[in-house]
Amino acid sequence: MTDNLNIPTENEASSAGQQIARAAGIVMIAYVFSTLIGVIRGMVVSRAFGTSASLDSFNAANRVTELLFNLTAGGALGSAFIPMFTGYLTRKDQKGAWRLASGVVNSVLIVLVAVSVLMWVFAPFIVERGLFALVPDSDGVQVAETARLLRIMLPTVIIFGLSGLVMGMLNAHQIFLWPALAPAAYSLGIILGVWLLPEAWGINRLAIGAVMGAAGHMLVQLPAFFRLPTRRYELNAGFKDAPVRKVLRLMLPRIFGAGIVQLNFVANTIISLSLGAGSASALTWAFTLMLMPQAAIAQSAGTASLPTLSAQVELGKTEEFRQTLAGIVRVMLLLALPATVGLVLLRVPLVRVLYERGSFDATSTQMVAWALLWYAIGLTGHSLVEVLSRAFYAMHDTKTPVTVGIAAMTGNILLSFAFSRLFAQLGWLPLGGLALANTTATAIESLALLELMRRRLKGIGGKQIIQSALLALAGSAVMGAVLVGWMALFGGWNKFLVLAGGAGLGTVVYAAMMWLLKVPEVRAVVWQVKGKLAEKG
């Protein structure tokens, strides 16, 4: 017999969707601001270091610190801690929630400090035998520089671990603004490091700025954290607590999966270091540009939806969960597909406007734009993976997305070798092959997760999702045709006008197409705005 309390009404489903939409709107605005600060950071860094070998060293060292963070605290945040912490709050068990939080913080801190110390000791060996493994005649100066930068940035592993857990606690309390602004604080730290520290310090300015930025990432969230109700910290909480051990058990598949994903990035870094000076930096610049719309489109919705989806699972509201997730997927497609087309067609003026100055010359632009072409095609896949993975985590299922991710990323590494060689044989820049490998693997991963979620929920509104995809493709095709004409007619004009005009024209054309095609989500937003304006009037 079905428990009627677990069957959501239409109003309940609508309320959950509106709650996520409001939160996602706040997060999106904050992400846009953070992205703008990130753009300024990119302009400052590119002007100072271009696509130099020193910047390759920084990016390689930074990749190692990201690997360490994701193998420790990163897995706890999204896959295990937030759903369990939200569950305690949903059941009004404040004491249990903060006992869990204290135990996770204590455990993660111990692990992060221990790992960072070991990494500091073995940094030279790891850099020489690991990052530069495919460069037999590697420059000893660059190897030593990379090891030094790694040691400077190791504190960021500890700081980001704690900051990430603070972010999770705030999100669980439906507080999204300050966590979403934290990346802006990180970018500001890097900007200040490059601007204020002596130029004679060279690339070290960037590494010190990263540490400053990590501190800012945590500090900007602390005022909101200290205002949380019934907040408490228990020093004696830790591994001995059953809930903490459960978080760690749930983390294990995620840690393994994160390790595979990060090792994939490390493998790409190792391969790119063997492709000549500047290749690793060009790939990093291009991937950063692809992540800008992905952050606004997918990370905002994923961050805002995880607490709500977790609460729906906790209350057994399967139908409401299904409707909420299906709605998010439809919106992802409506936003990601046109963003992909725009990014592909406007990539050259975008790179020129943002980065081409100082040490970043026309050759650097060519390398980054080429990599961005192949990364941009994967924007939709990256956006879907971001949301679908969080949906599985909300269901306390870390194994499924991790298993799929392992398969996809293993394929990514194999494709990276194959595609880079193929591109070289075709006379193309081989770094584009690494970007295409990432895109291909992520597309397969997103489709697999979508199919597995459909089976798990016994349906996910497939017809409506396909309909949204077709409408988005139709609108994107028209927008793309207009942008091709725009570039043919005005591509030789001032780069700022080309980019701004193309972005504005593309947005207007796509929005008009969505209105003419009577896309429900677009019309719902328009009517909601009209209603708000009428209320104020």
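Where a number appears in this text, it was derived from the coordinates with a stated rule and is not lab data. In this text, all values refer to a predicted model and were calculated from it rather than measured experimentally. A quick note on method: Cβ atoms are made from the backbone with ideal geometry, for glycine too, and the neighbour counts reach across all protein chains shown.
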For the stretch 53-276: relative contact order, % (alpha-carbon pairs under 8 angstrom, 6 or more apart): 37 percent
For the stretch 154-159, Karplus-derived ³J(HN,Hα) couplings (6.51, -1.76, 1.60; θ = phi - 60°; whole Hz; x for glycine and proline) come out as 4, x, 5, 4, 5, 5
Calculate the spin-label point distance for Arg454 paired with Arg421, positioning each point 7 Å from the Cα along the beta-carbon direction, and give it in nanometres. 3.5 nm
Contour minus end-to-end for Gln464 and Ile110, with contour as 0.36 nm per residue of separation and end-to-end as the Cα-Cα distance? 122.7 nm
Compute the separation of the alpha-carbon centres of the stretch 180-215 and the stretch 150-172 and state it in Å as a whole number. 16 Å
The chain, helix-only ellipticity at 222 nm - DSSP H runs n ≥ 4, -39,500 (n - 2.57), divided by all residues, nearest 500: -27500 deg cm²/dmol
Based on the alpha-carbon gyration tensor of the stretch 265-399 and its eigenvalue square roots a ≥ b ≥ c, which shape applies: rounded if a/c is under 1.5, prolate if not and a/b is larger than b/c, or oblate? prolate
Which ³J(HN,Hα) values in Hz, rounded to whole numbers, follow from the phi angles of the stretch 169-183 under the Karplus curve 6.51 cos²θ - 1.76 cosθ + 1.60, where θ = phi - 60° and Gly and Pro get x? 5, 5, 4, 5, 8, 6, 10, 10, 4, 5, x, 6, 8, 4, x
Relative contact order of the chain: what whole-number percent is it, with Cα pairs under 8 angstrom and at least 6 residues apart? 21 percent
In the structure shown, do any of Lys317/Lys399; Lys92/Lys240; Lys95/Lys246; Lys458/Lys518; Lys92/Lys458 have a Cα-Cα gap over 19 Å, and if so which? Lys317/Lys399; Lys92/Lys240; Lys458/Lys518; Lys92/Lys458
Which order do Phe225, Phe69 fall in if you start with the one that has the fewest other Cβ atoms within 10 Å? Phe225, Phe69
Using each residue's phi in the stretch 413-426, evaluate 6.51 cos²θ - 1.76 cosθ + 1.60 at θ = phi - 60° and report the 3J(HN,Hα) Karplus result to the nearest Hz, with x for Gly and Pro. 5, 5, 5, 4, 5, 5, 6, 5, 5, 4, 4, 5, 5, 7
Hey, with R₀ at 60 Å, roughly what FRET efficiency would Phe125 and Leu516 work out to, going by the Cβ-Cβ distance, to 0.05? 0.45
Assign one of three labels to the stretch 53-276, namely rounded, prolate or oblate, based on the Cα gyration tensor with a ≥ b ≥ c the square roots of its eigenvalues; rounded applies when a/c is under 1.5, prolate when it is not and a/b is larger than b/c, and oblate otherwise. prolate
Take the Cβ-Cβ distance between Ala488 and Arg357 as r, set R0 to 41 Å, and report the resulting FRET efficiency rounded to the nearest 0.05. 0.95
